[in-house]
Amino acid sequence: MIRLDAISLQHGKQLLFVDASAVVHRGEKVGLVGPNGAGKSTIFRLITKEETPDEGQVSIDRGVSVGYFSQDVGEMSGRSVVMETMNGAGPVSVVAAELSELEHALADPARADEMDKLVERFGEVQARYDELGGYMLEGRAREILAGLGFSDEMQNGDVGALSGGWKMRVALARLLLMRPDALLLDEPSNHLDLESMIWLEQFLKSFPGAILMTSHDREFMNRIVSKIIEIDGGELTTYSGNYDFYLTQRALNEKQAEAQYAKQQAMLRKEMEFIDRFKAQAAKAAQVQSRIKKLDKIEKVEMPKKRQTIEFDFRAPSRSGEDVARLSEVGKKYGERVIYNGFEFLVRRGERWCVMGINGAGKSTLLRLVAGESQPDSGDVTLGASVKLGYFAQHAMEILAPEQTVWETLVGAFPTSSVGSLRSLAGAFGFSGDEIDKRVRVLSGGEKARLVLAMMLFDPPNFLVLDEPTNHLDLATKEMLISALRKFEGTMLFVSHDRHFLAELSNRVLELTPQGVHRYGGGYTEYVARTGHEAPGLRS
């Protein structure tokens with residue numbers, strides 16, 4: 001269906017692809033993986049013909065329609081959310097637009113002399129609209145929008161009033177409504193809450209066409225794809241299986257390659273030792289020449305490439321008192337909307353609470369109350385003895401100085417720390433080589449988040465309050481963060497839509513629902529097993 005044949009491409013001095021090949025067959029669901037900057041988005045642009053390779057070719061079977069979702073959604077305004085969604089639904093949206101124009105023309109007294117012609121055209125367009133399933137289109141659009149978290153009020157509201165994250169959901173809904181033969185999805189799970197992500201997961205699993213996708217969410221990728229195409233060092237390597245299978249297989253391949261390389265190196269050393277030892281002896285001259293010729297003919301095994309991962313040993317935090325945070329009879333509302341009324345909650349030392357709840361349930365409000373960023377309307381929020389609190393939220397990135405470099409930011413925060421320890425810290429969070437000289441103002445959202453988390457964990461508090469800490473983090477950084485937080489000896493209260501993060505780090509669950517507050521001993525995995533759903537209000 002989609003083929004990349006022996007493609008090579010260079011951007012400036014960077015070689016992205018060298019004689020690389022891969023194929024996506026009809027109906028296949030494929031994950032595209034590789035380090036940041038390896039060329040994942042470039043693959044999408046090559047398929048959509050926004051770019052062309054320097055060598056080789058990219059081909060798509062005749063008649064195959066391709067839909068592409070990227071993080072750059074463009075401008076949206078002047079329509080309702082549902083109309084904006086329907087407007088991108090391919091040929092039917094063009095017919096719908098003409099039908100709407102004809103309806104207005106038929107109601108216009110100034111065009112009464114054209115009435116016969118307009119009525120005839122209206123009949124033709126209406127028949128075509130019906131043939132394309134247009135009268136079912138709005139229902140489908142609303143179903144998709146609801147799945148992605150839009151209320152009825154939001155669906156009927158002006159798309160121009162939405163934030164960037166919600167506009168991305170509209171762009172995604174538009175593409176899903178279009179139903180192309182192949183979907184190219186660049187980080188479709190960004191900006192989605194857990195409920196919307198689970199809905200999208202089910203939609204994509206049952207989608208009959210081909211899918212080629214990137215995602216920073218390991219569980220999302222695992223449940224959808226059955227094939228992985230890895231970009232590494234300019235090459236494309238295909239693995240049959242989901243993301244976990246790919247990780248296992250790649251590790252096995254690396255181990256085998258290392259063993260093969262070591263075996264050949266040992267043989268070469270042995271042969272060279274014989275040649276060096278006997279090259280001056282006439283009696284052994286024939287054997288020496290024979291072995292030299294043999295070595296010349298041997299195909300040398302290259303030293304296996306090993307992806308560098310830097311681990312950092314974070315300091316142990318100081319010990320807090322037994323009671324870390326207590327909310328007593330807390331009331332909080334925004335306008336007429338009551339978030340909490342007489343709310344009671346206690347966090348004890350060593351507990352790792354993940355907070356679950358649908359949009360608007362009060363998850364972030366709870367974290368802000370505990371962190372002192374917001375005050376209750378009634379009741380008390382108190383921290384225990386010797387508690388040193390660290391709070392991470394998306395606005396935490398605003399504390400960074402735009403004109404400072406990554407390195408200047410770290411040195412400014414920890415002026416007495418050694419250069420070696422700060423370089424290790426930077427490397428662990430993905431800032432190696434020239435990356436540490438980047439100015440904060442040019443960093444992406446994910447890079448800023450990595451920098452703030454690095455500073456928070458270098459001198460760790462004993463109580464971490466984290467609101468969506470994995471937003472925009474790539475898979476490698478998420479794994480590093482999970483590894484660091486697994487060893488964290490303090491207390492945690494956090495919100496996340498990443499199920500791998502939830503399962504690995506929680507040992508308590510606080511579920512906020514319209515019916516009341518529920519507390520569960522055991523972590524997220526136990527919560528799913530006990531409740532039968534992965535998020536409040538959703539059934540497995």
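Structure notes:
- For the stretch 506-519, 3J(HN,Hα) computed residue by residue from phi via the Karplus equation (6.51, -1.76, 1.60; θ = phi - 60°) reads 8, 10, 8, 10, 10, 9, 9, 10, x, 7, x, 9, 10, 10 Hz, glycine and proline entered as x.
- The separation of the stretch 46-79 from the stretch 241-257, counted between C-alpha centres, amounts to 30 Å.
- Values [x] 22.5, 65; [y] 28.9, 113; [z] 22.5, 69 are given for comparison; Rg and Dmax of the Cα atoms in Å, derived from the coordinates here, is the one labelled [y].
- Karplus-derived 3J(HN,Hα), 6.51/-1.76/1.60, for each residue of the stretch 384-390, Hz, glycine and proline x: x, 5, 6, 7, 10, 9, x
- Two-decimal log10 I(q)/I(0) for the stretch 49-94, as the Debye equation yields it once each C-alpha is a single scatterer, q = 0.14, 0.15 Å⁻¹: -0.57, -0.63
- Residue-averaged [θ]222 nm for the chain, counting only DSSP H segments that reach four residues, each worth -39500 (n - 2.57): -12500 deg cm²/dmol
- Debye log10 I(q)/I(0) for the stretch 56-215, one point scatterer per Cα, at q = 0.15, 0.17 Å⁻¹: -0.86, -1.03
- When each of the peptides 447-460, 323-336 is scored by the mean number of other C-beta atoms lying within 10 Å of its residues, the order from highest to lowest reads 447-460, 323-336.
- Local electrostatic count at N156 - Lys and Arg +1, Asp and Glu -1, tallied over other residues with Cβ under 12 Å: -3
- Cβ-Cβ distance of D113 and E153, R₀ of 41 Å, FRET efficiency by 1/(1 + (r/R0)^6): the value works out to about 0.45.
- The charge dipole of the stretch 323-531, taken about its Cα centre with unit charges on the Cβ of Lys, Arg, Asp and Glu (plus for the first two, minus for the last two), comes to roughly 340 debye.
- A simple charge model with +1 on the Cβ of Lys and Arg, -1 on the Cβ of Asp and Glu and nothing else charged puts the dipole of the stretch 82-163 at about 240 debye relative to its Cα centre.
- Cα gyration tensor category, rounded, prolate or oblate, for the stretch 396-540 with a/c compared to 1.5: prolate
- The local environment of M136, defined by Cβ-Cβ distances under 14 Å, has a net charge of -1 under the rule Lys, Arg +1 and Asp, Glu -1.
- Kirkwood Rh in Å, taken over the stretch 80-163 so that all alpha-carbon pairs contribute: 14.1
- Most positive-pole-ward Cα, G372, N507, L400, against dipole of the chain from beta carbon charges: N507
- Panel order for Y391, Y246, by other beta carbons found within 10 Å of each beta carbon, from fewest to most: Y391, Y246.
- Magnitude of the charge dipole, the chain, Cβ model with Lys/Arg +1 and Asp/Glu -1, debye to 20: 2820
- Most simply put, the chain has about 55% antiparallel DSSP beta bridges, counting only bridges with both residues inside it.
- Given charges at Cβ of Lys, Arg, Asp, Glu: the chain dipole, positive-most of G321, S77, T214: G321
- Both the radius of gyration and Dmax for the stretch 245-297 are 16.9, 56 Å, in that order, over alpha-carbon atoms.
- Cα lying deepest toward the dipole's positive end in the stretch 245-297, options S290, Q249, Q264, charges on Cβ: S290
- For the stretch 118-178: rounded, prolate or oblate by the Cα gyration tensor [a/c cutoff 1.5]: prolate
- Counting neighbouring Cβ atoms within 10 Å and putting the fewest first, the residues K478, K363 line up as K478, K363.
- M178, M272, M356 arranged by Cβ crowding within 10 Å, fewest neighbours leading: M272, M178, M356
- Cα shape, the stretch 1-136, gyration tensor, a/c 1.5 rule: prolate
- Each peptide among 412-420, 236-244 gets the average number of other Cβ atoms lying within 10 Å of its residues, and from highest to lowest they stand as 236-244, 412-420.
- J(HN,Hα) series, the stretch 82-87, from Karplus relation 6.51 cos²θ - 1.76 cosθ + 1.60, nearest Hz, glycine and proline x: 5, 5, 4, 5, 5, 5
Here, each number is a calculation from the coordinates, and none is a lab measurement. Since we're looking at a predicted model, the values are computed, not measured. Neighbour counts run over all protein chains shown; Cβ positions are idealised from the backbone, glycine included.
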